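Below is one structure, written out as structure tokens; the observations come after it.
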There are 4 protein chains.
Amino acid sequence: MKKIKVGILGATGMVGQQYLQRLKEHPWFEISFLASSETSAGKKYKDAVENRWYQKEPLDNELGKLSIHSIEDIESCHKNCHFVFSALPTNAAKIYEEKYASAEIPEISNASYHRASIDVPVLLPEVNAKHLELIHYQQKRRGWKKGFIVVKPNCSLQSYVIPLEALRKQFPLKKILVTTLQAISGAGYPGISALDIHDNIIPFIQGEEEKSEQEPLKIWGTLERDKILPSNDIQLSVHCNRVPVMDGHMACVSVEFAHKPSSEAIIEAWQNFRGEPQKLDLPEAPSQPIVYKQEINRPQTRLDRMEGNGMAITVGRLRECPIFHYRFVGLSHNTIRGAAGGGILNAELIYKQGYIY
Amino acid sequence: MKKIKVGILGATGMVGQQYLQRLKEHPWFEISFLASSETSAGKKYKDAVENRWYQKEPLDNELGKLSIHSIEDIESCHKNCHFVFSALPTNAAKIYEEKYASAEIPEISNASYHRASIDVPVLLPEVNAKHLELIHYQQKRRGWKKGFIVVKPNCSLQSYVIPLEALRKQFPLKKILVTTLQAISGAGYPGISALDIHDNIIPFIQGEEEKSEQEPLKIWGTLERDKILPSNDIQLSVHCNRVPVMDGHMACVSVEFAHKPSSEAIIEAWQNFRGEPQKLDLPEAPSQPIVYKQEINRPQTRLDRMEGNGMAITVGRLRECPIFHYRFVGLSHNTIRGAAGGGILNAELIYKQGYIY
Amino acid sequence: MKKIKVGILGATGMVGQQYLQRLKEHPWFEISFLASSETSAGKKYKDAVENRWYQKEPLDNELGKLSIHSIEDIESCHKNCHFVFSALPTNAAKIYEEKYASAEIPEISNASYHRASIDVPVLLPEVNAKHLELIHYQQKRRGWKKGFIVVKPNCSLQSYVIPLEALRKQFPLKKILVTTLQAISGAGYPGISALDIHDNIIPFIQGEEEKSEQEPLKIWGTLERDKILPSNDIQLSVHCNRVPVMDGHMACVSVEFAHKPSSEAIIEAWQNFRGEPQKLDLPEAPSQPIVYKQEINRPQTRLDRMEGNGMAITVGRLRECPIFHYRFVGLSHNTIRGAAGGGILNAELIYKQGYIY
Amino acid sequence: MKKIKVGILGATGMVGQQYLQRLKEHPWFEISFLASSETSAGKKYKDAVENRWYQKEPLDNELGKLSIHSIEDIESCHKNCHFVFSALPTNAAKIYEEKYASAEIPEISNASYHRASIDVPVLLPEVNAKHLELIHYQQKRRGWKKGFIVVKPNCSLQSYVIPLEALRKQFPLKKILVTTLQAISGAGYPGISALDIHDNIIPFIQGEEEKSEQEPLKIWGTLERDKILPSNDIQLSVHCNRVPVMDGHMACVSVEFAHKPSSEAIIEAWQNFRGEPQKLDLPEAPSQPIVYKQEINRPQTRLDRMEGNGMAITVGRLRECPIFHYRFVGLSHNTIRGAAGGGILNAELIYKQGYIY
């Protein structure tokens, strides 16, 4: 099979680096274009990330030799790629994402800028694959033919939205109260000063609670002809904390259903849950998207974040809540499932459904 | 004023060390007896804690020269002390606390063993000073004249019970959902292995959720003639996490009242709150027991745990909750307010009320 | 090729777990026997390590089903294995290692107990493969036919001995002054209390400086007919610190040669260095055993410890020393190269040289 | 006694904050002027440091109400202060330190800019109080009457220079090889990204090794009529590491003397050492400037950094070195002794000697 050519916008940042690492042996996609801000443009990738390569594995030699284009060089991108991943910071996303899409380059974005746009799907493949139909209306509305924008949700919510999705069809959700414990890598680089987080908890992350409360309701929303109506029968409260761990966002969840299920039924639903990515056997999809840990003290951030190659959600500690029906703990890897891995899974689903060609 | 002589049971452990540090310049109390298990008995204190002195300040020279008695040597204790602090581990507390009380030595304990005993007050001085009247019934029931046992509550709950107490009289509480982020020093020494908590969150602490849910209801309970009836009109759910910080237990709280107050009224209630320790101007009492932080990202564990010399509770981030009425964050120092400092405050209140003589 | 059957003694401890993980897809070896102390004997492996599985990757399902034998059950071991890895603690190593060898089971050990025995090679395959000839004399002396004991060196020294070995032949060494910064995983489990190492440096590790100074001289020693004479022309001083990182032992090295080489010659020697494992293309051998980092601030513990799948040594910051000739920084992964990975490499070399059959 | 009025240049940064905290109850000095860059000028101090107050103790209420002047407002400074502390970053120090001194304002600086200037003393009060005579020549040479500049040395060297000074007179030093383990607070704020130092060691600090090798030789230098000749009979090699601790710089030292003393003589010299600050009984001076820890595993960073209110140097682990005569470990608090505390001690000595009036 001839590989699909992909570009990475914002290739030198932390999320860009993760795309590079994670795509280097991808069975379908092949990196053929890297773009960054003017400071890195023209350099070889390995020179541009010297002293700021943050991945555990060393940089691949061949990828290190690729030249970096200016983010302005949309023409080269158009010639070289079937689609792009956007790992741009919000400000740059605001300027360039529509430019690239207008140039008929499909765009799978990690940026938050378009998540609230009514014609842009916020895609979590195990949950709302059906929302991709909105691409047709987006293209029609905006006058694009091949170009479009699909965004992935904020990294904080995979740990509770996917486990709750596994229950939602059988046991409609009423109230969800979440407290997150989020890793420092979620803030990018340089991100948080060591002096701020060393031996410390910061019970606040700018804009994070809003995203963590609003995006799930859009993901669980109903697709009308040309827009998504957010779910309005679920109450969701999310408090977000920054904690001194490297990777892995944890969620402590209390949930009330329309009717209380048995705990056995919940665990069974988690273990049997399979979403569209599993049905289509997508390369990045974990075979078991939700892994229930029987041990009383799991999931733990460092021990469980790599489950399913960083793409599975681990859950544990299911027990009754004195106020709502149940409590549990969820965990997902914020820079894999919550960033590059999640973006690649989005791309695989979108490609498989024929939106990229 | 001639000082009251006090003993410390379990003097070499972490909490015992904290008592030692904190009592060395106490205006009312003077250390005159130290007891420990057989391994340390007979040694000088400084030799017994060599290589295991965990306090920030160096050990006081004079206190270091004190000899350690065997915990069995109740007679010496009786001769030398007006009362004792018990920093014994649960197993030892089970054996010795009643023995000491039977020997007519008043006992102010940090151990959890007697917290559920119906005739033993769980004292949080800003909240339930009135429960001390139970001492008379305890003495009568058990045939003790001067001896008694009063315990302090678990270190996890000060961060939410005291701020909620400040609201409770004006605005009766209905539902309280808490997630805690608790420091490693809460587990004592050696406590947690570095390999377990380094770069990790452990969403489980043995027995902690039970204590965190039950003890507040006893503290808020009604004193009947000879026992305390736990509050039965409040629903309380507490999820406990261990996080990699040295000191400071944080609580993320969602609360529903009988009637929703304004946020201004809540902040005012916090700022104006004064308990019995403040009214009596007890030496260990923080003049401002609850400190509300205006900054959007406070309280933070490392920055705020020492507020009020480690005895104040800091609160912040008061805001509406999409499910309950309000959300906020509370913080207390687990080894000061939650351990030795809290114990000393208990002793001061008890002494001032005439139970020790 | 039919696989060689291997056993693991001390299978449930941290090093034992690493052997299990690392051997699960080994091309030559296959795990067929697990032994542990009485507390775990009889259990399935997965039950025995429940709540104490410390590896990043989840436990392999098939290996989890293996039963654990008592360490006393040498007969079963003899029937089931061609050789064993010993990950026993020192006390157990003292009792059992000779018993297993007497039962004619070759033993490749991580324990320190036999490192000073004059007829036991301390094997670092890139350095002293030739010392394996001592096995014949060991067997003769002790009356063993197939059984023998070979030990691997302490985990602290790979970071400086291998880089210095690459220089030693061309540029004889005179004086080596080393300061190490060693990870918490080096102390095993539970090992170090979080309270001891959180936000702290401990400039002392029991017995470590002695091992770090003596073992290199034995490794660089001369094989006489029936014993190894430690090198006596090198002065070696090693100061050891425990630092709050998970994995990776770093060494800051100052070195004086008989004659001062150029820095180019040193870097070239490092880059071109290949030991016996590389010549034999052993499965566990890193193709490039020493990786020189050009960046001014490398190697760094978290970024570089996994170089060469955790088996390579990274070096950097080569520069002149105001007192000795040169200074540099070395880094090796203490639980891979310094423990299970190093042990497996030893086994591969020993097997390839025909000592196991 | 009427207090001396002092200003703080760079008052909002980390070191500036420490000056504020540490001076608030000073018996001789009183803060009467705060200056900062244009962004903070005109604000109240408490507003300027909101969300970036990094001290353990809350900001003093009265000091928080002080207004911040522009660093350009030298005239106000002249009117309000007898002298200033400069906590300016290097770039600003380059511009403003001479301006303030030209305006006849004595300046005690933490900045590195003037440390190599031949007419500027690098003052470590226990070591080279005599170098203050250079102030006369500096004033003469530069045409200043009351103004002058004295700088304090880099924060890395107190941990080894002071202990070595205690030995130097009796036992002349020949070779000193040091490896430092330095805290993250040494890099200021925001300083180091959490992603760079979390679970990591960085074996490089920009410019630090040069300062750590050159400044001690100037401090130990000989005062000629109008300049300081650096010591040329000591060889000094310093390797610097950044480690994940909050505060406290540790040094692992190997030292060779002209003649080898006994270890008892060394320990005695440390315990008996008193410098000019102790003789003059300066308020900031620790009564015991060097504290020798008998325990085999001390000093430890978290446990010992506050010794002598953060102003004492703790040493330990004195033992023979296989290459040089002895090895030991030194520790000093980098933001107290190494920054504001050290600056205040400098000011006290300078004031006591009559250079400020």
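The values are calculated or read from the model by the stated rules, or taken from the named source; none is laboratory data. The shown structure was predicted, so the numbers you read here are calculated from the model rather than taken from an experiment. Ideal geometry is used to build each Cβ from the backbone, glycine not excepted, and the neighbour counts take in all protein chains shown. These area figures cover heavy atoms from the full protein model, side chains too; ligands, DNA and RNA do not enter into them. Shrake-Rupley method; radii C 1.70, N 1.55, O 1.52, S 1.80 Å.
Here are a few things to note about the model shown:
- Within region A:41-84, the residues that satisfy the criterion of being of a type in the set (Asp, Glu), assigned to a loop (DSSP other than H, G, I, E, B) and away from every other protein chain (no Cβ under 14 Å) are A:72, A:73.
- Flag for residue A:233 being more than 15 Å from the chain's Cα centre (by Cα), surrounded by fewer than 24 Cβ atoms within 10 Å (Cβ to Cβ) and free of Cβ contacts under 8 Å to residues at least 60 places away in the same chain: no
- Selected residue (criterion: nearest to residue A:178 (Cα to Cα)) from residues of region B:296-324 that are of a type outside the set (A, V, I, L, M) and assigned to a helix (DSSP H, G or I): B:301
- Subset tally (residues that are more than 16 Å from residue B:152 (Cα to Cα), in contact with a helix residue (DSSP H, G or I) (Cβ under 9 Å, 6 or more places away or on another chain) and open to solvent by less than 70 Å² (accessible area, probe 1.4 Å)) for region B:73-97: 3
- Going through (1) out of contact with any strand residue (DSSP E or B) (no Cβ under 8 Å at 6 or more places or on another chain); (2) farther than 30 Å from residue A:183 by Cα one by one, residue D:175 falls short only on (1).
- Qualifying positions in region C:150-192 - among the small types (Gly, Ala, Ser) and in contact with a Gly (Cβ under 6 Å, 6 or more places away or on another chain): C:159, C:183
- Within region D:260-271, the set of residues being touching a residue at least 40 places away in the same chain (Cβ under 8 Å) and either closer than 30 Å to residue D:352 by Cα or crowded, with 20+ Cβ neighbours inside 10 Å (or both) comprises D:266, D:269, D:270.
- Any chance residue A:213 is within 27 Å of residue A:87 (Cα to Cα) and surrounded by fewer than 24 Cβ atoms within 10 Å (Cβ to Cβ): yes
- Residue-level analysis places residue C:277 among those that are open to solvent by less than 20 Å² (accessible area, probe 1.4 Å), outside any loop (DSSP other than H, G, I, E, B) and either more than 26 Å from residue A:49 (Cα to Cα) or within 14 Å of chain D (Cβ to nearest Cβ) (or both).
- Flag if residue A:94 is part of a helix (DSSP H, G or I), touching a Phe, Trp or Tyr at 6+ places or on another chain (Cβ under 8 Å), among the basic types (Lys, Arg) and free of Cβ contacts under 8 Å to residues at least 40 places away in the same chain: yes
- Among the numbered conditions (1) at the interface with chain C (Cβ under 10 Å from one of its Cβ atoms); (2) open to solvent by less than 10 Å² (accessible area, probe 1.4 Å), the only one that residue D:313 does not meet is (1).
- Qualifying residue in region B:252-271 (condition: of a type outside the set (Ser, Thr, Tyr), more than 8 Å from every other protein chain (Cβ to nearest Cβ) and over 20 Å from residue B:164 (Cβ atoms)): no
- Whichever residue in region D:280-304 is free of Cβ contacts under 8 Å to residues at least 60 places away in the same chain, of a type in the set (Asp, Glu) and open to solvent by less than 50 Å² (accessible area, probe 1.4 Å) and, among such residues, is nearest to the other protein chains (Cβ to nearest Cβ): D:295
- Restricting attention to region A:231-247, the residues being at the interface with chain B (Cβ under 8 Å from one of its Cβ atoms) and not in a loop (DSSP other than H, G, I, E, B) number 5.
- Taken as a whole, the condition of being open to solvent by 40 Å² or more (accessible area, probe 1.4 Å) and without any contact (Cβ under 8 Å) to a residue 60 or more places away in the chain does not apply to residue C:307.
- Residues that are part of a helix (DSSP H, G or I), within 13 Å of another protein chain (Cβ to nearest Cβ), open to solvent by less than 10 Å² (accessible area, probe 1.4 Å) and modelled with pLDDT of 95 or more are absent from region D:325-339 altogether.
- Qualifying positions in region C:168-220 - among the charged types (D, E, K, R) and touching a Cys at 6+ places or on another chain (Cβ under 7 Å): C:208, C:209
- All of (1) over 17 Å from residue A:311 (Cβ atoms); (2) crowded, with 21+ Cβ neighbours inside 10 Å hold for residue A:15 with one exception: (1).
- Which listed residue is within 16 Å of the chain's Cα centre (by Cα) and either at pLDDT below 95 or part of a helix (DSSP H, G or I) (or both), from D:268, D:213, D:264: D:213
- Subset of region C:197-210 (residues that are assigned to a helix (DSSP H, G or I) and either more than 7 Å from every other protein chain (Cβ to nearest Cβ) or within 21 Å of the chain's Cα centre (by Cα) (or both)): C:208, C:209, C:210
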